[in-house]
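Scroll down for the structure; my scribbles are underneath it.
Nothing in this text is a laboratory measurement; each read-out follows from the coordinates by a stated rule. All figures in this text were calculated on a predicted structure; none of them were measured in a lab. Heads up, the Cβs are rebuilt from the backbone with ideal geometry, glycines too, and the neighbour counts pull from every protein chain shown.
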Amino acid sequence: MNQKPYIALDFPTWEDTSSFLDLFTEGLNVKVGMELYLQNGPVIIEKLLNKDHRIFLDLKLHDIPNTVFGAVKGLAQYDLELLNVHAAGGRLMMERAMEALRAGSSTKQPRTKCIAVTQLTSTTESQMQTEQLIQHSINDSVMHYASLARDAGLDGVVCSPHEAALVREKCGEDFLRVTPGIRLKDDDKGDQQRITTPGKAKDSGSSLIVVGRSITKAPNPVRAYEEVVKEWEGIK
């Protein structure tokens, strides 16, 4: 798997997305979330693959096991790098997602890796406790969801960089820790709460990072991306 940072394509249209990607001369790791996918449909995936971009489809699937099975089986036809479900859907739902990937994937392609969302990086411990009524620490909640995902056969989790080392310790080096909430040092944190820089994420045990506004809203997105890559790869 390509280890370069994933750029979050949080745009409403293909035209906006294409204009942004045309700034780059190489195929990128990109994250397609709900805004872009739901307003444009699966054609977005096909267009990105045709331009040699590698895709993390971030839909956070969370429904009854049979519904998630059907959704994932349909998505498995695409050559995605990553697909995610929400760990709060439970172990059976996650097991069914894995069954669907095996059932729907082409035997000519490596299977898409499935990861589970734990707690969003916009969620604080206080919010989790008062709004979700989870009366534990956020670390305990993330560890619980990570263990559940591992036991269901998933390839990893989405967590904040602050929990990455704990997940690695509990679930092993090969269990992916995909971490959004990445900002360059002087960037505004926006609506994110549990954030850090690319270099600190690497040091904290992240396997892959997802970077959005620090690149897409930068005055020079290509230069910002190069800065993120250098920091992530430890290049001085």
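For E226 paired with L92, estimate the spin-label separation in nm (one decimal), with each label point 7 Å from Cα along the Cα-to-Cβ line.
Spacing of the two 7 Å Cα→Cβ label points: 5.4 nm.
Using DSSP to define loop residues, name the GluC sites (Glu not before Pro) in the range 148-181 whose beta-carbon has at most 11 other beta-carbon atoms within 10 Å.
Qualifying residues, ordered by number: E173.
Give the relative contact order (percent, whole number) for the chain; include only Cα pairs under 8 Å separated by 6+ residues.
It comes to 18 percent, rounded to a whole number.
Apply 1/(1 + (r/R0)^6) to the Cβ-Cβ distance of H144 and E35, taking R0 = 25 Å, and write down the FRET efficiency to the nearest 0.05.
Efficiency, rounded to the nearest 0.05: 0.30.
Please arrange D63, D10, D52 by counting, for each residue, the other beta carbons lying within 10 Å of its beta carbon, fewest first.
D52, D63, D10
Going by amide H atoms built from the backbone, whose H comes under 5 Å of the H on V117, apart from near neighbours?
Those lying under 5 Å, H to H, from V117 are V85, H86, A87, V158.
Suppose only helical runs count, i.e. DSSP H with n ≥ 4. What mean residue ellipticity at 222 nm does that imply for the chain under -39500 (n - 2.57) per run, divided by all residues and rounded to the nearest 500 deg cm²/dmol?
-12500 deg cm²/dmol
With a point put 7 Å past each Cα toward its Cβ, work out how far F20 is from R102 in nm, to one decimal.
Here the answer is 3.6 nm between the modelled labels.
Under the 0.36 nm per residue contour assumption, what length would be gained going from the current alpha-carbon distance of Q77 and E169 to full extension?
29.8 nm
Which ³J(HN,Hα) values, rounded to whole Hz and listed in residue order, are derived for the range 42-55 from phi using the Karplus coefficients 6.51, -1.76 and 1.60 in 6.51 cos²θ - 1.76 cosθ + 1.60 with θ = phi - 60°, glycine and proline given as x?
x, 4, 4, 4, 4, 5, 5, 5, 5, 9, 6, 8, 9, 10
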